[in-house]
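One structure, pasted below without further comment.
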Amino acid sequence: MNTENIEDIYELSPLQHGILFHCVYGSEVTLYFSQLGFTFKVRNSLNFAAFERAWQEVVARHTMLRTGFYWEDIDKPLQVVYRHVELPIKQLDWRGIETTEQQKRLDDFLVRDREQGFDLSQAPLMRVTLIRFDDHTYQFIWSSHMIIVDGWSSPLVIKEVIELYIAYSQGQNIDLGKGSVFREYIAWLRRQDSSQAEEFWRRMLKGLKAPTPLKNLYVDNLYNPEARYDEPQIKLSKATTAKLQSIARQHRLTINVIAQAVWVLLLSRYTCKTEIVYGCTVSGRPVDLKGSESMVGMLINTLPVRVKVDPNQYLLPWLQQFQEQLVEIRQYEYTSLVDIQRWSELPPGAPLFDSIFVFENQPVDDILQESQEREQSIELSLNLYKTNYSINLVGYPGSQLRIGISYDFRSFDSATINGILRHFEILLENIATNPEVQLKDLSLLTEQTRHISLMLEKEATFNFELAVCN
């Protein structure tokens, strides 16, 4: 280690600690590996010098992008910030190659890139590959480890890269203000009162003996399953999304709450349980930490949510109670999941939940829209990642609400996941049509299929059925 190049050393956040543990002691190189791909169309050719300079400047601006991790022969893992690191940017030119061959090469590259992984002790834990498809179309792949960049940070990084690239390619400079220092967040964490958090989590999890099981959704006979890292999605119509937004405004709810509630209801239907526990991922950006909204790093946290589902309760009052519960949890969103598990009544090491729900309050698409210029266009074309949870549900707000699922391909097949997405879509559409309804009357059938017989229902395209609950 070159000590002259070291800028700072400090401890990890709770979630970073968890990710490091899974990556160091697990066998999967692709765990917590993220690949974002962007299609970049320019009027002339891309200015590579400006592109490279823009990326290097963003790395220099944020300490987290210059950080490596150390854990061997020390009591507590540490992260080390370097003063200067070089970001590797690789160029590939695939002009003149047929489109089908280009796609095959891209698929092969993505696999090799994932298998390469990262050495967590070596900064930067990211790399960029720029691929030229024709005279005016490029795609750049930003590969990174999720221990340094969360879903909130990624759009911030891309926005800065695009803004700097536009300025540099025009021979101009641009002032983006002060970069972010991740130590400030670590210091904020250390100031928090853990006794209040412990009291809250003990109360919320009292009596919980096991997580909500997903095993009845697993596919047992998956032999040599094909590795999948894509994220199947549904997209609601503009009309349905507008209705849901109107209901949310009228009853002082959020689309996030409605979408999460649908997952709770589906888990209840799938497991025949009236008490559901799942993981909710929060931004973790405290209002009393100056600059937290523009900080690049791993600030998000995933917390257990325990919800009661009374089939006789009416939807809207239940949604309002659910939202109040989520607001209360946000007060303690800084708590380590390791501590929460220790304060619960579950056996040591037992998971609190098998599925997590994430709502992207800062989607990449919106950030890209703001950065567009007439001379070029850029759009997100690839978003691949893998966590240690069986199912990751992601909500994307906008004029058309989208729900995506990233999943463990060793436990689920695509037909099961598509079935869950279809149920998600039906419930959201039924809520938009009739929110004044009891939970038990929210159907998982569309109007067109209510009359279909049980025999036909067994022949549906997905391979799991709703449990018959007594």
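Check the straight Cα-Cα distances from LYS90 and name the lysines below 22 Å, setting aside those fewer than 8 residues away within the same chain.
In chain and number order, the partners are LYS41, LYS104, LYS159.
Return the sequence-ordered ³J(HN,Hα) values of segment 346-360 in whole Hz as given by the Karplus equation 6.51 cos²θ - 1.76 cosθ + 1.60 applied to θ = phi - 60°, using x for Gly and Pro.
Couplings: 6, x, x, x, 6, x, 7, 7, 10, 10, 10, 10, 10, 10, 7 Hz.
Straight distance only, please: which lysines reach the Cα of LYS290 with their own Cα at less than 19 Å, same-chain residues fewer than 8 apart left out?
LYS178
Take the Cα of GLU28, step 7 Å along the line toward its Cβ, and report every residue of segment 89-116 whose backbone nitrogen sits under 17 Å from that point.
111-116
Distance check, please: which entries in LYS215/LYS273; LYS308/LYS386; LYS235/LYS440; LYS308/LYS440 exceed 21 angstrom between their Cα atoms?
LYS308/LYS386; LYS235/LYS440
Which percent, nearest 5, of DSSP beta bridges in segment 91-221 are antiparallel?
About 70 percent, rounded to the nearest 5.
Need one number: % antiparallel among DSSP beta bridges in the chain, to the nearest 5.
DSSP beta bridges in the chain are roughly 80 percent antiparallel.
Where Lys and Arg each count +1 and Asp and Glu each count -1, what net charge lies around THR387 among other residues with Cβ under 13 Å from its Cβ?
-4
Taking 0.36 nm per intervening residue step and subtracting the Cα-Cα distance, what contour gain separates ARG105 from ARG422 on full extension?
The span from ARG105 to ARG422 would gain 110.9 nm if fully extended.
Roughly how many percent of the accessible protein surface of the chain is carbon and sulfur, given a 1.4 Å probe and a whole-percent answer?
Of all accessible area on the chain, carbon and sulfur atoms account for 47 percent.
Tell me whether segment 227-337 comes out rounded, prolate or oblate; compute the Cα gyration tensor, take square roots of the eigenvalues as a ≥ b ≥ c, and use a/c under 1.5 as the rounded threshold.
Since a/c stays below 1.5, the shape of segment 227-337 is classed as rounded.
Right, here's the next one. So with the 1.4 Å probe, I'd like the accessible area per residue for the chain, rounded to whole Å².
Solvent-accessible surface per residue comes out at 48 Å².
Now, a different point. Let me cross-check SER399: its accessible surface, 1.4 Å probe, with only protein heavy atoms counted, in Å² to the nearest 10?
Around 70 Å² of this residue is reachable by solvent.
Give, in nm to one decimal, the length gained when the segment between LYS238 and GLU324 is fully stretched (0.36 nm per residue of separation minus the Cα-Cα distance).
That works out to 28.2 nm of additional length.
Rounded if a/c is under 1.5, else prolate if a/b beats b/c, else oblate: with a ≥ b ≥ c from the C-alpha gyration tensor eigenvalues square-rooted, which is segment 25-153?
Cα axes put segment 25-153 in the oblate bin.
The values are calculated or read from the model by the stated rules, or taken from the named source; none is laboratory data. Computed from a predicted structure; not experimentally measured. Heads up, the Cβs are rebuilt from the backbone with ideal geometry, glycines too, and the neighbour counts pull from every protein chain shown. All accessible areas refer to the heavy atoms of the entire protein, side chains included, with ligands and DNA or RNA removed. Shrake-Rupley method; radii C 1.70, N 1.55, O 1.52, S 1.80 Å.
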